[in-house]
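Visitor: For reference, the structure I am asking about is given below.
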Amino acid sequence: MKQMEYLFLFLEQNCVIANNMGEEVKLYKTWSTPFGLRVVWALKLKGIDYESIDEDLSNKSDLLLHYNPVYKKVPVLVHNGNPISESTVILEYIDDTWKQNPILSQDPVERARQRFWAKFNEEKLLPTIWAIFTTEGKDLEEAMAAWVENLKFVEEELKGKKLFGGEKMGLADLVFGWLANLIGIFEEVSGLKIVDERYPLLLTWMQVFSELPVIKETWPPHDKMITKYRALYEKYHPAK
Amino acid sequence: MEGEVVLLDFWPSMFGMRTRIALAEKQIKYEYREEDLRNKSALLLQMNPVHKKIPVLIHNGKPICESLIQVQYIDEVWNDRAPLLPPNPYQRATARFWADFVDKKIYDLGGKLWRTKGEEQEAAKKELIECLKLLEGQLGDNPYFGGKDFGFLDVALVPFYCWFYTYEKFGRFSIEAECPKLIAWAKRCMQKESVAKSLADQEKIYDFVLHLKKALGIE
């Protein structure tokens with residue numbers, strides 16, 4: 001009996017017992033993709049052990065093309081051989097499959113709210129930030145105007161809340177998460193001020209989110225990101 | 001207990017039809033309010049200030065926006081009857097993935113068929129057929145996308161069936177010739193009361209688009 005007790009004590013103190021013993025979880029992503037990072041956060045939040053495979057998008061692996069024939073993109077989660085694509089679909093799958101530390105509330109109104117803001121990010125914020133990063137002149141002005149309009153709504157939504165999910169991070173926080181890292185990088189590379197003091201709640205959220213234990217150590221290397229996005233910026237803004 | 005359910009909608013909207021079908025499947029009594037999109041009601045602007053779009057589902061005074069979010073909401077609140085999403089997480093993910101695919105592709109491509117001409121229209125037609133074929137492939141030998149039972153992806157896609165006539169007339173092609181299984185599926189869905197009562201008449205849709213083109217100055 002004593003030996004078993006010592007064994008359990010040893011295991012408890014020395015091994016991370018994952019919440020998915022006996023199940024195979026693989027994540028296909030790249031070193032920098034914010035969409036893949038969302039999935040990393042969800043898996044970490046739930047204590048799920050997984051194998052990470054970083055793809056080279058200029059030379060996609062046969063496995064990736066096999067697992068995501070429709071879009072041929074990352075991230076793809078493969079659970080016991082079953083592939084799931086599209087990051088928000090993956091996040092809901094993770095929440096449906098592993099019940100600890102839920103990403104979505106049990107309350108249907110709250111769930112609908114989180115899903116609404118996740119969709120808002122995908123359909124409004126992301127295309128606008130891309131336009132800001134890649135355009136100039138009148139196009140840039142229009143993109144900035146749209147961005148300002150969009151951020152007003154986000155700022156309003158954050159009133160009275162620490163995080164989009166309330167006290168704890170939720171689906172919308174994971175989906176908005178890219179802002180907490182990439183805005184700083186875009187601003188450094190472009191010289192533009194993209195989220196300014198007109199949005200104190202959003203700025204606070206970006207800080208609070210970055211400090212969360214699951215998020216803290218996950219950002220891709222800063223220097224590598226600057227190099228990557230500087231090259232991309234120069235591609236769209238060739239020196240005259 | 002249902003509580004008060006109101007749907008702000010516009011009769012030709014395939015997105016509003018999704019919500020109508022879900023409400024009908026669950027046999028929920030609700031008040032239907034037709035919006036004039038050129039003169040949006042104060043209620044619509046108040047309930048959907050971000051997008052100012054229909055459909056908006058209002059349940060006990062609380063707004064739920066975005067059609068697929070509404071369908072999931074209805075499925076979760078009235079979870080004691082006619083389930084739309086299956087309990088298995090992988091099947092749920094598959095249904096969500098393809099419903100998202102419908103959202104990303106079908107509306108815009110279909111729109112190009114009646115808004116554009118020449119090369120742009122041809123390219124849209126080609127891509128729309130490819131997308132419909134991909135969706136058709138998901139049916140397999142099942143009567144519905146949900147398997148034996150009508151489900152979430154069926155709800156997401158079937159409203160486009162009343163728009164197919166318009167797409168075909170402008171695009172000068174037959175969707176049935178390209179995707180016979182898909183049309184057989186749509187006709188099977190139309191035998192359900194919830195679908196038949198929620199979809200608009202295809203000729204009325206075509207007339208509506210003709211008028212819309214004139215109003216927008218599109219030839």
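Visitor: Yes or no: B:Gly151 of a type in the set (Gly, Ala, Ser) and in contact with a strand residue (DSSP E or B) (Cβ under 7 Å, 6 or more places away or on another chain)?
Guide: Yes: the conditions hold for B:Gly151.
Visitor: When you go through B:Gly118, B:Gly111 one by one, which is the residue that is farther than 30 Å from A:Ser105 by Cα and either open to solvent by 40 Å² or more (accessible area, probe 1.4 Å) or in contact with a Pro (Cβ under 8 Å, 6 or more places away or on another chain) (or both)?
Guide: On the way: B:Gly111 fails: either open to solvent by 40 Å² or more (accessible area, probe 1.4 Å) or in contact with a Pro (Cβ under 8 Å, 6 or more places away or on another chain) (or both).
On inspection, the qualifying residue turns out to be B:Gly118.
Visitor: Here is a follow-up. Any residue at all in the range A:221-231 that's among the basic types (Lys, Arg), free of Cβ contacts under 8 Å to residues at least 40 places away in the same chain and open to solvent by 20 Å² or more (accessible area, probe 1.4 Å)?
Guide: No, because not a single residue in the range A:221-231 is among the basic types (Lys, Arg), free of Cβ contacts under 8 Å to residues at least 40 places away in the same chain and open to solvent by 20 Å² or more (accessible area, probe 1.4 Å).
Visitor: Among the numbered criteria (1) under 25 Å from B:Arg188 (Cα atoms); (2) of a type in the set (Lys, Arg); (3) without any contact (Cβ under 8 Å) to a residue 12 or more places away in the chain, which single criterion is violated by B:Lys105?
Guide: Only one criterion in (1) under 25 Å from B:Arg188 (Cα atoms); (2) of a type in the set (Lys, Arg); (3) without any contact (Cβ under 8 Å) to a residue 12 or more places away in the chain is unmet by B:Lys105, namely (3).
Visitor: Here's something else I'd like to know. Looking only at residues that are under 20 Å from B:Lys104 (Cα atoms) and assigned to a loop (DSSP other than H, G, I, E, B) in the range B:53-84, which one is farthest from the other protein chains (Cβ to nearest Cβ)?
Guide: Looking at the filtered set, the residue picked out is B:Ile54.
Visitor: Restricting attention to the range B:33-47, and to residues there that are loosely packed, with under 15 Cβ neighbours inside 10 Å and within 21 Å of the chain's Cα centre (by Cα), which single residue is nearest to B:Glu193 (Cα to Cα)?
Guide: So the residue we want is B:Glu34.
Visitor: Give me a count of the residues in the range B:1-32 that are assigned to a strand (DSSP E or B) and open to solvent by 10 Å² or more (accessible area, probe 1.4 Å).
Guide: Residues that pass the stated criteria total 2.
Visitor: Does the range B:114-123 contain any residue that is assigned to a helix (DSSP H, G or I) and touching a strand residue (DSSP E or B) at 6+ places or on another chain (Cβ under 8 Å)?
Guide: The answer is no; no qualifying residue exists.
Visitor: Report whether or not B:Gly118 is away from chain A (no Cβ under 14 Å) and within 30 Å of B:Phe170 (Cβ to Cβ).
Guide: For B:Gly118, the condition - away from chain A (no Cβ under 14 Å) and within 30 Å of B:Phe170 (Cβ to Cβ) - is met.
Visitor: All but one of (1) at pLDDT below 95; (2) within 10 Å of chain A (Cβ to nearest Cβ) hold for B:Met1; which doesn't?
Guide: Condition not satisfied by B:Met1: (2).
Visitor: Please work out which one of (1) out of contact with any helix residue (DSSP H, G or I) (no Cβ under 7 Å at 6 or more places or on another chain); (2) in a helix (DSSP H, G or I); (3) open to solvent by 80 Å² or more (accessible area, probe 1.4 Å) is the condition B:Asp149 fails and give its number.
Guide: With respect to (1) out of contact with any helix residue (DSSP H, G or I) (no Cβ under 7 Å at 6 or more places or on another chain); (2) in a helix (DSSP H, G or I); (3) open to solvent by 80 Å² or more (accessible area, probe 1.4 Å), B:Asp149 is out only on (2).
Visitor: Scan the range B:171-202 for residues that are loosely packed, with under 14 Cβ neighbours inside 10 Å and under 17 Å from the mean Cα position of the chain (by Cα) and jot them down.
Guide: B:Lys187, B:Gln191, B:Glu193, B:Ala196, B:Lys197, B:Asp201
Visitor: Those residues that are of a type in the set (D, E, K, R) and either buried (at least 19 other Cβ atoms within 10 Å of the Cβ) or touching a Phe, Trp or Tyr at 6+ places or on another chain (Cβ under 7 Å) (or both), I need them from the range A:25-48; list them, please. Can you show your working first?
Guide: Here is the first cut: in the range A:25-48, the residues of a type in the set (D, E, K, R) are A:26, A:29, A:38, A:44, A:46.
If the condition is that a residue be of a type in the set (D, E, K, R) and either buried (at least 19 other Cβ atoms within 10 Å of the Cβ) or touching a Phe, Trp or Tyr at 6+ places or on another chain (Cβ under 7 Å) (or both), then A:Lys26, A:Lys29, A:Arg38, A:Lys46 are the ones that fit.
Visitor: Every residue in the range A:42-68 that is in contact (Cβ under 8 Å) with a residue 12 or more places away in the chain and of a type in the set (A, V, I, L, M), please.
Guide: Across the range A:42-68, the qualifying residues are A:Ala42, A:Leu43, A:Leu45, A:Ile48, A:Ile53, A:Leu57, A:Leu63, A:Leu64.
Visitor: Let me ask you something else. Any residue in the range A:49-68 that is open to solvent by 40 Å² or more (accessible area, probe 1.4 Å) and within 14 Å of another protein chain (Cβ to nearest Cβ)?
Guide: yes
Visitor: Being open to solvent by less than 40 Å² (accessible area, probe 1.4 Å), more than 14 Å from chain A (Cβ to nearest Cβ) and farther than 30 Å from B:Leu210 by Cβ is the requirement here; does B:Tyr167 meet it?
Guide: Taking the combined requirement at face value, the residue does not satisfy it.
Visitor: Something else now. Considering only the range A:84-164, give the helices (runs of 4 or more DSSP H) lying wholly within it that have at least 2 residues that are open to solvent by less than 30 Å² (accessible area, probe 1.4 Å) and within 12 Å of another protein chain (Cβ to nearest Cβ).
Guide: Filter on the range A:84-164 gives A:87-97, A:108-120, A:137-157.
The values are calculated or read from the model by the stated rules, or taken from the named source; none is laboratory data. If you're wondering where the values come from, they're calculated on a predicted model, not measured in any experiment. Reconstructed Cβ throughout: ideal geometry from the backbone, glycine too, with neighbour counts over all protein chains shown. For the accessible areas, the whole protein counts, side chains as well, though only heavy atoms, and no ligand, DNA or RNA atoms are used. Shrake-Rupley method; radii C 1.70, N 1.55, O 1.52, S 1.80 Å.
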